Every structure is written in structure tokens, then in C-alpha cells.
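Worksheet: the structure to be examined is printed underneath.
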Amino acid sequence: MKKAVMVMLMVLVYFSFGNSVMAASSQNDYEKVLESIAKTNQDIDEKVRKAVEEADKLNESFLSDVREVEEGKEVVKLKEEKEKKLEEMKAEHDEKKHEKLKKNLSDIENRIAEKQAEIENEITLIQEEIEALSFEKMNSSNDKEKEKVDKKLDKLYEKLNKRSNKMNGISQKYQKDLDVVITKVYDDTLKMSQETIEKAAEKGVIAECSWKHVRFADRWVWIDPIRVVGYY
């Protein structure tokens with residue numbers, strides 16, 4: 001009888017100890033999985049941060065190019081110079097230097113106005129010439145003369161459309177470059193999430209993508225960090 005009791009006690013101790021070891025092992029696995037998920041989320045955040053910075057730089061460059069097309073490089077440079085002078089004036093407390101900066105600023109503003117007037121005048125002259133040639137073509141019965149007028153008109157329209165065509169090219173390039181940045185970060189982070197979720201499932205941890213909106217320049221995109229939803 002004593003021997004039977006002893007055997008039962010030994011079996012009980014063995015199973016209790018074994019269960020404790022298994023429980024400790026499982027707990028250790030869970031902790032490693034949670035650490036892995038946290039690390040993946042950190043890596044995803046870093047990738048997203050870099051992609052957002054790259055997208056913002058593309059947008060900044062795009063807007064600068066648009067301003068150059070609309071106003072011309074000279075006007076853009078003059079406006080940048082104007083901003084610098086304004087900052088200098090705010091920081092300058094010496095009255096004489098302040099007055100000098102004020103005069104410089106006035107000169108820059110006059111040059112900007114003159115350049116913008118030149119651009120407007122150029123466009124107006126082209127439009128007037130187009131109207132005159134169109135009238136000439138309408139009143140001409142000579143086919144050769146009409147052909148010459150058409151060639152002149154084509155050149156004038158090309159001048160007017162130059163800005164528009166250039167703008168389209170800039171816009172298309174910007175959209176394409178932004179697509180590359182967004183597609184890469186989306187694919188990379190999705191792959192990182194899926195691989196970590198699969199590894200977590202092997203250890204009994206249920207995780208899933210926790211989609212969130214992220215702004216890349218002028219677009220919003222769903223990006224997928226991981227969250228734990230249960231155990232089994």
C-alpha cells in the first residue's frame with residue numbers, strides 16, 4: 001500500500017513538473033512572438049517614415065517646377081529673393097540697414113511686376129497675331145497663301161501650348177515617381193506583416209494586419225502594421 005502511494009506521488013510530481021516546464025516554455029514562446037511583432041512594427045514605421053519624406057520631397061520639387069512653368073525661372077528666383085529680404089528685414093533692428101533692405105525689397109517687387117507684365121504682353125501679342133492671321137486666312141482665296149498662314153498659326157499655337165505641354169510632362173513624371181515610392185513601401189510592409197503573422201501563428205499567437213491611413217505627399221494610402229488578436 002505504501003509503495004502504491006509513493007508511486008502515485010511520484011507520478012503526480014512528474015506531471016506537475018512537466019506541465020510547469022511546458023507552461024514556462026509556452027510563455028517564453030509567446031513573449032518572443034510579441035517581441036518579434038513589436039520589432040516588425042518598428043521596422044514598418046521606419047520604412048513608412050522614409051517613404052513619406054521621399055514623397056514630400058517629390059511634391060516640393062513638383063510644385064517648384066510648376067511655379068517655374070507658370071511664371072518663368074526669373075520670376076521664381078526673384079520671389080525667392082524677395083522672401084529672403086523679408087526675413088532679413090524682420091531680424092534687422094538698425095534703422096539705416098532696415099531702410100536699405102526696404103529699398104532692395106521695393107526694387108525686387110518692381111522687377112517682378114515688370115517681368116510678369118512682359119510675360120502677359122508676350123501672350124497678348126501672340127493672341128493678337130493669331131487673330132490677325134486667322135482673319136487673313138478667312139479672307140484669302142489663294143491655297144498657297146492659306147498654307148503659309150497655317151504654318152505661321154501652328155508656330156504661334158505651339159508657343160502658347162508650350163507651357164501647357166510642359167506642365168503635363170511635369171505632372172505625369174511626378175505621378176509616376178510617387179507611384180513608385182508608394183507601391184514599394186506598400187508591398188514591402190505588407191510582406192513584412194504577412195511573414196511575421198505566419199510565424200506568430202506557428203507559436204499559437206493570432207495576429208492580423210491593422211490597417212491605418214498614411215499620407216504620402218498629396219495622397220492617402222492604407223499601410224498595415226500588426227496587432228495581436230488572440231491565442232490558441
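Results, tabulated for the structure shown:
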item	result
Residue in the range 83-105 that is on the phi > 0 side of the Ramachandran plot and open to solvent by less than 70 Å² (accessible area, probe 1.4 Å) present	no
Scope the range 150-164; condition without any contact (Cβ under 8 Å) to a residue 40 or more places away in the chain, open to solvent by less than 100 Å² (accessible area, probe 1.4 Å) and within 30 Å of residue 54 (Cα to Cα); matching residues	164
Residue match in the range 216-231 (condition: in a helix (DSSP H, G or I), modelled with pLDDT of 85 or more, among the aromatic types (Phe, Trp, Tyr) and surrounded by 14 or more Cβ atoms within 10 Å (Cβ to Cβ))	no
The range 183-213, subset β-branched (Val, Ile, Thr) and open to solvent by less than 20 Å² (accessible area, probe 1.4 Å), residue farthest from residue 57 (Cα to Cα)	205
Test: residue in the range 15-29 that is at pLDDT 70 or above and more than 30 Å from residue 181 (Cα to Cα)	yes
Residue 52 being part of a helix (DSSP H, G or I), touching a helix residue (DSSP H, G or I) at 6+ places or on another chain (Cβ under 9 Å), at pLDDT below 85 and open to solvent by less than 70 Å² (accessible area, probe 1.4 Å)	no
Scope the range 55-78; condition at pLDDT 90 or above and open to solvent by 50 Å² or more (accessible area, probe 1.4 Å); matching residues	56, 57
Any hit, the range 107-119, residues being over 30 Å from residue 158 (Cα atoms) and among the charged types (D, E, K, R)	yes
Hits in the range 139-149 - residues which are open to solvent by 70 Å² or more (accessible area, probe 1.4 Å), modelled with pLDDT under 80 and either of a type in the set (Gly, Ala, Ser) or under 50 Å from the mean Cα position of the chain (by Cα) (or both)	141
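The values are calculated or read from the model by the stated rules, or taken from the named source; none is laboratory data. Model, not experiment: these values are computed from the prediction. Positions of Cβ are generated from backbone atoms using ideal geometry, with glycine treated the same way; all protein chains shown enter the neighbour counts. SASA here: full protein model, heavy atoms, side chains in, ligands and nucleic acids out. Shrake-Rupley method; radii C 1.70, N 1.55, O 1.52, S 1.80 Å.
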